[in-house]
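K.L.:
Next up is a structure, given as C-alpha cells.
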Amino acid sequence: MKIGVIGGGVAGLTAAYRLAKRGHEVEVFEASDHVGGLASGFPVAGTTLEKYYHHLFTSDVCIRGLVDELGMRDKLHWFVSSMGVYHKGAMYSLASPLDLLSFRPLPFWERLWFGFQSVFYLGKVKDWKKYESITAHDWMKKYAGPTIWKVMWEPLLRGKFGPYYDKVAMAWLWARIHTRASSRKGSKETLGYFKGGFEVFHKALADAVQKAGVQIHLKTPIDRILTQNGKLKGLEIGGLPQTYDRLVFAAATPIFLKTCPGLPEDYKKRMSQLDFMGAQCLVLVMSRKFSDNYWTNICDSDIPILGLFEHTNFAPPEWYQGKHILYVGNYLPQGHRYFKMGKQEVFADLLPYLQRINPDFQASWVEELHLFQDLYAQPVIPLHYSQVKPAYETPVENVYLANMALVYPEDRGTNFAVDVGNKVARLIDPSVAVPAFQG
Ligand SMILES: Cc1cc2nc3c(=O)[nH]c(=O)nc-3n(C[C@H](O)[C@H](O)[C@H](O)COP(=O)(O)OP(=O)(O)OC[C@H]3O[C@@H](n4cnc5c(N)ncnc54)[C@H](O)[C@@H]3O)c2cc1C
C-alpha cells in the first residue's frame, strides 16, 4: 500500500516505522524543519535539550520497548527525581514520606491523609471507569477535603487547565497519580532521560524509518487531504495532487479538521467541542542553580507559573558544560496574552515572581533565554471522555487519526505517542508486529 503520514512527531514516526517494516511504501510529511514534534529539542551547551521539560516513567513500556528495538538502551539513564512545592513564600521538598510528614502548609493529620490517598489509594486503585463521571474538582473537594484541595490540587488543576480547571474528569487526575506512583521504587520516584536529549531517540527512530525505505519530507506542511465520496483520494502537496491508499494524520485534531474538508459536519462539530490547552516554556540557561528540586509545583494562586523544572537537578550539569537549566512552565488557554509576547517580555513579566520564589535570583544569572510555545499541547479531558474521544478510524474511509486526543485514560506523553503509532499501524495492517518490552 502507498501510505502517507502527516506529522513527524513520535506517533507519526512510529507508525511509519512499523508500516515500512511490513513492506509498505510510506512517506512522512512534517511541517517544521525537524522531527520529534512536541518532544523535539534545540542546541544548548554543546548538546540538545527539549523545548519542553521531558522525562520517562519506569512504566513507559511502549517507548522503552522501541528504545530497546533501536538498540539504544544504554543511552537511557534513570535518575531519582526530587520534587518540591512552593507555597506562600516557602519552598518545601516533597521527595519522600519524611518530607511529607514535615510539610507545614497541611495540618499533621491531613499530611497523612494526603499521602495515603494519593500514593496508596489512588496510586494503587485500578478501576478508573468510576472516575469518568465525576470531575477532579468535585472528587478532591469531597474526598481529600477543603484544605488539601486548596493547598495541593486546586493550584495544580488551575495551572494545568486554566478556565477548564473544574471541568476535567477525575479519570485524568487518577491516571496522572497512578503513573507517578508506578514510577516509584520504594519511597523514591525514578525517571528516565536520554544522554544527549530525546533528540537522540528521534534521530535513531528517523534513521530506522529511512533505512526501512521511508522518505521524510521536512518543511512540507500538508493543508489539504483530498477525498471523494467519503473516501481518501490523496494529498495536495505544493498545489499538486498525489494519490495515497491510506493516510495517517499524526498532528493535532484541530489541524485535522482544517486539513480535511471532506469530513462530515457532525464529526467536525463533535471534534471541535473538544478543547486544548497551549503550553509555553521559558528556558533559562544559567551560571547558577535556582533551586534544589527537579520538579517544583507552584501552589500559590498569586504566581502565574504552573511549575519550575530544573533540568540540571535531574540530568547532571556536566552534560551541559556545567550550566544550570531551568524551565519555567505554563499551560495557557488559546488567546492568552503570553502567546503574543517575545521571550524578553515574558521573562520581564515573570522575573518578580521568580525572585519571590528565590529572593537571591538575579537576571544576570541568565546567560541564554529561550521561549517555546504550542497551541495544542494538552487535551482537556471532560466527563465521560470515552464516549466522545475520537477513534483511530475517521468518517473518511482510509484516513486514520493518530494523536494525543486518543490517549485515555492515561495522560498524553511520548510513551503513548509510540503506543498510538503502533496501534494505528496495526489497524492499517494487522500483520504489523510489535515486540513486547522485555524489562
Ligand atoms: C510542556 C510539555 C511537557 C511534556 N512533558 C513530557 C514528559 O515529561 N514526558 C513525555 O513522555 N511526554 C511529555 N510531553 C508530551 C509529549 O511531548 C507528547 O505527548 C508527544 O511528543 C506527542 O507526540 P505526537 O507525535 O503525538 O504529536 P506532536 O509531537 O504534536 O507531533 C505532531 C507533528 O505534526 C506536525 N504537523 C502539524 N501540522 C502539520 C501539517 N499540516 N503538515 C505536516 N505536519 C504537521 C508538527 O510540526 C509536529 O511535528 C510534554 C508535552 C508538553 C507540551
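The values are calculated or read from the model by the stated rules, or taken from the named source; none is laboratory data. All values derive from a computational prediction rather than experimental measurement. Positions of Cβ are backbone-derived with ideal geometry, glycine not excepted, and every protein chain shown enters the neighbour counts.
K.L.:
Please work out which residue is farthest from residue 65 (Cα to Cα), limiting yourself to the range 382-407 and to residues that are surrounded by fewer than 21 Cβ atoms within 10 Å (Cβ to Cβ) and aromatic (Phe, Trp, Tyr).
P.N.:
385
K.L.:
Restricting to the range 350-398, give me the number of residues that are polar (S, T, N, Q) and either in a strand (DSSP E or B) or touching a residue at least 24 places away in the same chain (Cβ under 8 Å) (or both). Give the steps one after another, and end with the answer.
P.N.:
Narrowing the range 350-398 to residues polar (S, T, N, Q): 355, 358, 362, 364, 373, 378, 386-387, 394, 398.
Keeping just the survivors that are either in a strand (DSSP E or B) or touching a residue at least 24 places away in the same chain (Cβ under 8 Å) (or both) gives 358, 373, 378, 386, 394, 398.
Count: 6.
K.L.:
Does the range 195-209 contain at least one residue that is loosely packed, with under 15 Cβ neighbours inside 10 Å, more than 25 Å from residue 44 (Cα to Cα) and in the same structural domain as residue 20 (by TED's automatic domain parsing)? Give the derivation first.
P.N.:
Going residue by residue through the range 195-209, those that are loosely packed, with under 15 Cβ neighbours inside 10 Å are 195, 207.
With more than 25 Å from residue 44 (Cα to Cα) added as a condition, the list becomes none.
No, the range 195-209 has no match at all.
K.L.:
Still on this structure, I have one more. Of the residues that make up the range 354-374, is at least one aliphatic (A, V, I, L, M), in the same structural domain as residue 301 (by TED's automatic domain parsing), under 28 Å from residue 309 (Cβ atoms) and touching a Lys or Arg at 6+ places or on another chain (Cβ under 9 Å)? Outline the logic, then answer.
P.N.:
From the range 354-374, those aliphatic (A, V, I, L, M) are 354, 357, 363, 366, 369, 371; that's our starting set.
Subset that is in the same structural domain as residue 301 (by TED's automatic domain parsing): 354, 357, 363, 366, 369, 371.
Imposing the further condition that a residue be under 28 Å from residue 309 (Cβ atoms) reduces the set to 354, 357, 363, 366, 369, 371.
Still in the list and also touching a Lys or Arg at 6+ places or on another chain (Cβ under 9 Å): 369, 371.
Yes, the range 354-374 contains a residue that is aliphatic (A, V, I, L, M), in the same structural domain as residue 301 (by TED's automatic domain parsing), under 28 Å from residue 309 (Cβ atoms) and touching a Lys or Arg at 6+ places or on another chain (Cβ under 9 Å).
K.L.:
Step by step: first the residues of the range 27-52, then only those that are polar (S, T, N, Q) and under 20 Å from residue 5 (Cβ atoms), then the one that is nearest to the ligand (Cβ to nearest atom). Which residue is that? First the steps, then the outcome.
P.N.:
Taking the range 27-52 and keeping what is polar (S, T, N, Q), we get 32, 40, 47-48.
Checking which are under 20 Å from residue 5 (Cβ atoms) leaves us with 32, 40.
Numbers: 32: 4, 40: 7 Å.
Of everything passing the filter in the range 27-52, 32 is nearest to the ligand (Cβ to nearest atom).
K.L.:
Looking at this structure, is residue 420 within 30 Å of residue 89 (Cα to Cα), within 16 Å of the ligand (Cβ to nearest atom) and not polar (S, T, N, Q)?
P.N.:
no
K.L.:
Next up: If I filter the range 53-70 down to residues being farther than 18 Å from residue 313 by Cβ and assigned to a loop (DSSP other than H, G, I, E, B), which single residue comes out as farthest from the ligand (Cβ to nearest atom)?
P.N.:
This residue is 70.
K.L.:
Please specify each residue of the range 39-65 satisfying the condition of being surrounded by 22 or more Cβ atoms within 10 Å (Cβ to Cβ) and β-branched (Val, Ile, Thr).
P.N.:
Matches in the range 39-65: 63 only.
K.L.:
Quick one: which helices (runs of 4 or more DSSP H) lie wholly within the range 71-155 and hold at least 3 residues that are closer than 16 Å to residue 187 by Cα? Walk me through how you get there before you give the answer.
P.N.:
Numbers: elements: 97-101, 108-115, 136-139.
Because the criterion is at least 3 residues that are closer than 16 Å to residue 187 by Cα, the helices (runs of 4 or more DSSP H) in the range 71-155 that meet it are 97-101, 108-115.
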